[in-house]
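Throughout, read-outs are computed from the coordinates displayed, never taken from laboratory work. A quick note: this is a predicted structure, and the numbers were derived from the prediction, not measured. Reconstructed Cβ throughout: ideal geometry from the backbone, glycine too, with neighbour counts over all protein chains shown.
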Amino acid sequence: MDITALIKDAVEKITGDGDLTKAFQADPAATVKKVAGDKIPEEAIDKVVDGVKAKIKLDSASDALGAIKKLF
């Protein structure tokens with residue numbers, strides 16, 4: 001099981017779908033289970049959820065920084 005690949009796949013699916021983004025905000029574990037299906041063992045879900053949260057925050061911060069750079 002490649003957790004990094006599962007995180008990347010989940011981030012792409014969640015950020016690419018507004019309904020999934022809202023669902024992730026409301027219940028991250030259930031949303032990750034939904035997008036990953038049976039690929040994630042129960043004991044790894046928390047790691048994947050934490051990874052998805054971190055990646056989404058990094059992407060958001062990067063987008064904000066990019067917008068600021070365009071001002072100058």
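A simple spin-label model places the labels of Glu42 and Thr15 3.1 nm from each other, with each point 7 Å out along Cα-to-Cβ. Here the extension length gained between Ala30 and Asp2 equals 8.1 nm, from 0.36 nm per residue of separation less the Cα-Cα distance. The 3J(HN,Hα) values that the Karplus relation (6.51, -1.76, 1.60; θ = phi - 60°) gives for region 9-23 are, in residue order, 4, 5, 4, 4, 5, 5, 6, x, 9, x, 5, 5, 4, 5, 5 Hz. Gly and Pro appear as x. By the count of neighbouring beta-carbon atoms within 10 Å, fewest first, Leu20, Leu6 end up ordered Leu20, Leu6. Each residue of region 48-56 was assigned a 3J(HN,Hα) from its phi angle through the Karplus expression (A = 6.51, B = -1.76, C = 1.60, θ = phi - 60°), giving 5, 4, 4, x, 5, 4, 5, 5, 5 Hz with x at Gly and Pro.
Going by neighbour counts of Cβ atoms within 10 Å, the residues Asp19, Asp38, Asp46 line up, fewest first, as Asp38, Asp19, Asp46.
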